[in-house]
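Novice: Mind having a look at this structure? Questions to follow.
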Amino acid sequence: MIQSAQVASKFTLFTHHAKTFPDLVTALRNSMLRAGVFRNERTAEEQVVQVLNFDIHLVKDFRGRRYIERITECIPVEDKNEYTFDHRKEKTLEGKLDKFMDNATRYFTKSTNRELYKYVNIMEYHDGTYVLTNPISEHNILEMRNNMDDNDVVEFDKFLQRNWGIKMKGFEAGEKEDYDLDDLAKMQEQEAKTSKRGRKPKTIKE
């Protein structure tokens, strides 16, 4: 499933019974290791998170009622080069060693404790109502627009602006190639932080 999702299909749908999103990633990673496709846990997990765009989690309550509890987006974390050459500006050996240790600390942190993905809930079910909690990431917004016809693009852009304040250039005309997402990355980062602190969800505007 992971291999076909990477190269052989436009999208892939599958079911799983993990209770949380991290459990889903771990279970798929372990399945790939057991199948012998990969031997390194980190490499296997990287392949998994590249495929998992959205997780639609369904539950069944004690009354037998089934409903969607949440929709979660998986956001792979890019490995950015954060090393510096500030040691060249230092005049003393002590200063140069301090800058070297800063880079060494970054290196070992990346090697031993690097975060491979983040996940945020896009929508949640609260007291009989579906509410929006975080905006969709810039990458997935663009991918979704690129796979819509002109009418759907117009409606989707209206949805983005109405619920998250994301204004797409030319959205009234449904121009798929023209967009403006300068502030979306900052908004996504801020929303992810506030959601972890228990930010009050936002009710969907129909």
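Novice: Taking the residues in the range 111-166 that are assigned to a strand (DSSP E or B) and aromatic (Phe, Trp, Tyr) as candidates, determine which candidate is farthest from residue 48 (Cα to Cα). Show your work before the answer.
Specialist: Kept after step one, since they are assigned to a strand (DSSP E or B), are these residues of the range 111-166: 117-126, 129-132.
Applying the additional criterion that residues be aromatic (Phe, Trp, Tyr) yields 117, 119, 125, 130.
Details: 117: 10, 119: 13, 125: 26, 130: 28 Å.
Among those that are assigned to a strand (DSSP E or B) and aromatic (Phe, Trp, Tyr), it is 130.
Novice: Let me ask you something else. Mind checking which residues of the range 66-121 are modelled with pLDDT of 75 or more and aromatic (Phe, Trp, Tyr)?
Specialist: 67, 85, 100, 117, 119
Novice: Going residue by residue through the range 42-55, is there one that turns out to be surrounded by fewer than 15 Cβ atoms within 10 Å (Cβ to Cβ) and free of Cβ contacts under 8 Å to residues at least 12 places away in the same chain?
Specialist: For the range 42-55, residues surrounded by fewer than 15 Cβ atoms within 10 Å (Cβ to Cβ) and free of Cβ contacts under 8 Å to residues at least 12 places away in the same chain: present.
Novice: Related question: Among the helices (runs of 4 or more DSSP H) contained in the range 1-97, which hold 1 or more residues that are touching a Leu at 6+ places or on another chain (Cβ under 6 Å)?
Specialist: Values: elements: 2-7, 21-34, 41-51.
Those helices (runs of 4 or more DSSP H) span 41-51.
Novice: Residue 13 - would you say it is closer than 17 Å to residue 72 by Cβ and touching a residue at least 12 places away in the same chain (Cβ under 8 Å)? Walk me through it before giving the result.
Specialist: Numbers: closer than 17 Å to residue 72 by Cβ: yes; touching a residue at least 12 places away in the same chain (Cβ under 8 Å): no.
For residue 13, the condition - closer than 17 Å to residue 72 by Cβ and touching a residue at least 12 places away in the same chain (Cβ under 8 Å) - is not met.
Novice: Is the range 164-177 home to any residue that is at pLDDT 60 or above and within 14 Å of the chain's Cα centre (by Cα)?
Specialist: No: the range 164-177 contains no residue that is at pLDDT 60 or above and within 14 Å of the chain's Cα centre (by Cα).
The values are calculated or read from the model by the stated rules, or taken from the named source; none is laboratory data. The model shown is predicted, which means the values in this text are computed figures rather than measured ones. All Cβ positions, glycine included, derive from the backbone under ideal geometry; neighbour counts span all protein chains shown.
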